[in-house]
1. Give me the residue from the stretch 309-327 that is touching a helix residue (DSSP H, G or I) at 6+ places or on another chain (Cβ under 7 Å) and among the aliphatic types (A, V, I, L, M) and, out of that set, surrounded by the most Cβ atoms within 10 Å (Cβ to Cβ).
2. Could you list, in sequence order, the residues of the stretch 146-168 that are more than 14 Å from Glu129 (Cβ to Cβ) and without any contact (Cβ under 8 Å) to a residue 24 or more places away in the chain?
3. May I ask you to list the residues in the stretch 221-252 that are touching a residue at least 40 places away in the same chain (Cβ under 8 Å) and open to solvent by 60 Å² or more (accessible area, probe 1.4 Å)?
4. Among the hydrophobic types (A, V, I, L, M, F, W, C) and in contact (Cβ under 8 Å) with a residue 24 or more places away in the chain: is that true of Phe323 in this structure?
5. What is the residue count in the stretch 278-308 for residues that are open to solvent by less than 10 Å² (accessible area, probe 1.4 Å) and over 24 Å from the mean Cα position of the chain (by Cα)?
6. Does the stretch 54-87 hold any residues that are surrounded by fewer than 22 Cβ atoms within 10 Å (Cβ to Cβ) and of a type in the set (A, V, I, L, M), and which are they?
7. Does the stretch 227-250 contain any residue that is touching a strand residue (DSSP E or B) at 6+ places or on another chain (Cβ under 9 Å), at positive phi, in a loop (DSSP other than H, G, I, E, B) and not polar (S, T, N, Q)?
8. Within the group Asp137, Asp143, which residue is within 19 Å of Asn68 (Cα to Cα), touching a Pro at 6+ places or on another chain (Cβ under 8 Å) and assigned to a loop (DSSP other than H, G, I, E, B)?
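The values are calculated or read from the model by the stated rules, or taken from the named source; none is laboratory data. Owing to the predicted nature of the structure, the values given are computational and were not obtained by experimental measurement. Note that each Cβ is placed from the backbone with ideal geometry, even for glycine, and that neighbours are counted across all protein chains shown. Ligands, DNA and RNA are excluded from the accessible area calculation, which covers all protein heavy atoms including side chains. Shrake-Rupley method; radii C 1.70, N 1.55, O 1.52, S 1.80 Å.
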Amino acid sequence: MKIIHEPAESALTQSNAAAGNAGRRPEHETLAKLRTAMKAGGYDALVALSQDNVTYTAGFLVPSHATNRFRRTIAVLAGDRFGTQIVVNVEELQAKARSRFDDVRAYNQFTQQPADVLADALIEAGVAEGRIAIELDFIPAADFLILRKRLPNAKFEPCADLFFNARMIKTDEEIGILRRGGVVTERVIYDVLKQIKVGMTEVDVARQIVDQMIAAGSAQFKYRVGSGVNSSVTNCGTTNKRIEAGDVIRIEVLGDFDNYRSNVTRTAVAGKPTERQKDIWGKLIRARELCKTMLRPGVPVADVYKAYVATCRESGIEPTLKFLGHGIGQTIHEEPYITDTRTIVFEPNITFTMEPLYMLPGEMGFHAEDMYVITERGFDSITGTICSNDELIEVG
């Protein structure tokens, strides 16, 4: 995967430069960035259909997009000026009020096919025979058949990497939202940990997380609470199991703030940790701290992962996950994944998590996760100062 830097225009792109929305407001920087990436890849149009990429492009989440798979929401960029968002008619007024696009086109889900509306827009933009980057990994087959019939001479090509590359380098506005969400999430976990007592159930703990996250302004979020043997399940559910003395307790909260995510995990022990628990935890944190010394522009993410694995193995533990962390933004898991299968090199304004994790199946599990951002000279911790997990947290 390569990071796109320099724009390059195709002849068709130049020919349709006059198409689109004259007299509109200045284009939002995210739309401008995507348009530059589109042209750099030699594409004449870019079409987003997935919830995360449409929300990233248009700047807001269309409610129907998240809840009704029969209602399509589509964002289209073409040439130098053309841009439109296609929504079901019940969302038209909200889209016109909140979208980054001046041109919002609504369709009737009972009498129209959204793929036909998309085809009409691409024809209007002058790209009916062009290279169209589209989410082939998401578009329903029925819609794609309509597009192929309506635009038989177009070349439809996948655009997953284009969106991942664009979304990976955050704007200052995006980083601000991620910082706010990370701090709020860490504060909630800190406050909830102080309330945990032996005899409480995992659900009791979850109720406190839910109340505090909603009060903090995050309604669409997820959480996991696992104690004792449940803590050894990587993506554990939250049950009515009661917390017992000596239990390892894992709390993970995945927040949602203005359509950007937070991801913070803390590991605690009900009472005093055993020497074995402290030994395992020390090995994980030692590996994490070594990796922090490598967080700066120019460092390949694969090198960080390899250093993590080597340090863990030298200590006698084998990491449970095949990655150390992941990018974070519109979704919890974005590029860059910090693993040895990626060729990505750290750049300023890349936001990500590191989450050293070690599971002893059927016994207990250990997991610390924090959010970071690469800066011009190194990195900054978005979370990790309010509720430090350098040592196992004692609760109860």
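1. Filtering first and then ranking leaves Leu324.
2. Correct list: Lys149 only.
3. Those that are touching a residue at least 40 places away in the same chain (Cβ under 8 Å) and open to solvent by 60 Å² or more (accessible area, probe 1.4 Å): Val229, Val233, Arg242, Glu244, Ala245.
4. no
5. 3
6. Leu61, Ala66, listed by residue number.
7. In the first step, residues of the stretch 227-250 are kept if they are touching a strand residue (DSSP E or B) at 6+ places or on another chain (Cβ under 9 Å); the result is 227-250.
Filter again for at positive phi, leaving 228, 246.
So of that shortlist, the ones also in a loop (DSSP other than H, G, I, E, B) come out as 246.
Add one more test, that the residue is not polar (S, T, N, Q), and what stays is 246.
There is at least one residue in the stretch 227-250 that is touching a strand residue (DSSP E or B) at 6+ places or on another chain (Cβ under 9 Å), at positive phi, in a loop (DSSP other than H, G, I, E, B) and not polar (S, T, N, Q).
8. Values: Asp143 fails: assigned to a loop (DSSP other than H, G, I, E, B).
Just a single option satisfies the conditions, and that option is Asp137.
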